[in-house]
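The structure appears right after this line, and notes come after that.
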Amino acid sequence: MARADPRDSDSLTRDIRLIENPDGQWTARDLRAEVTAQGESRDTALDNLEAVVEAVENGGGAPSTCEWIDRNR
């Protein structure tokens, strides 16, 4: 499971919500980064969220173009 590093000043400002859904899945939401991820367990949802935040904050998560969408249908 992802853990906050107290030496990392950004980790002190994270606001994460973890919700158990009626279907048994878990949803993790990072309010600062404005991203959400799901998983079959709390740990999986948090790990997936950490991967999404990492991708978005380090150049990933670029918006798709119409051309990309047409090629990948």
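The values are calculated or read from the model by the stated rules, or taken from the named source; none is laboratory data. Everything quoted here is computed from the prediction, not taken from an experiment. Please note: Cβ atoms are built from the backbone with ideal geometry, for glycine as well, and neighbour counts cover all protein chains shown.
Considering only region 14-57, give the strands (runs of 3 or more DSSP E) lying wholly within it that have at least 2 residues that are surrounded by 14 or more Cβ atoms within 10 Å (Cβ to Cβ). Even if it seems obvious, please write down each step before you answer.
Numbers: elements: 16-20, 26-30, 35-39.
Ranges flagged: 26-30, 35-39.
If you go through region 1-12 one residue at a time, do you hit one that is at pLDDT below 95, out of contact with any helix residue (DSSP H, G or I) (no Cβ under 7 Å at 6 or more places or on another chain) and polar (S, T, N, Q)? It would help to see each step written out before you state the result.
Taking region 1-12 and keeping what is at pLDDT below 95, we get 1-12.
Within this subset, residues satisfying the condition of being out of contact with any helix residue (DSSP H, G or I) (no Cβ under 7 Å at 6 or more places or on another chain) are 3, 6-12.
The next check asks that each one be polar (S, T, N, Q); those that pass are 9, 11.
Yes, because at least one residue in region 1-12 is at pLDDT below 95, out of contact with any helix residue (DSSP H, G or I) (no Cβ under 7 Å at 6 or more places or on another chain) and polar (S, T, N, Q).
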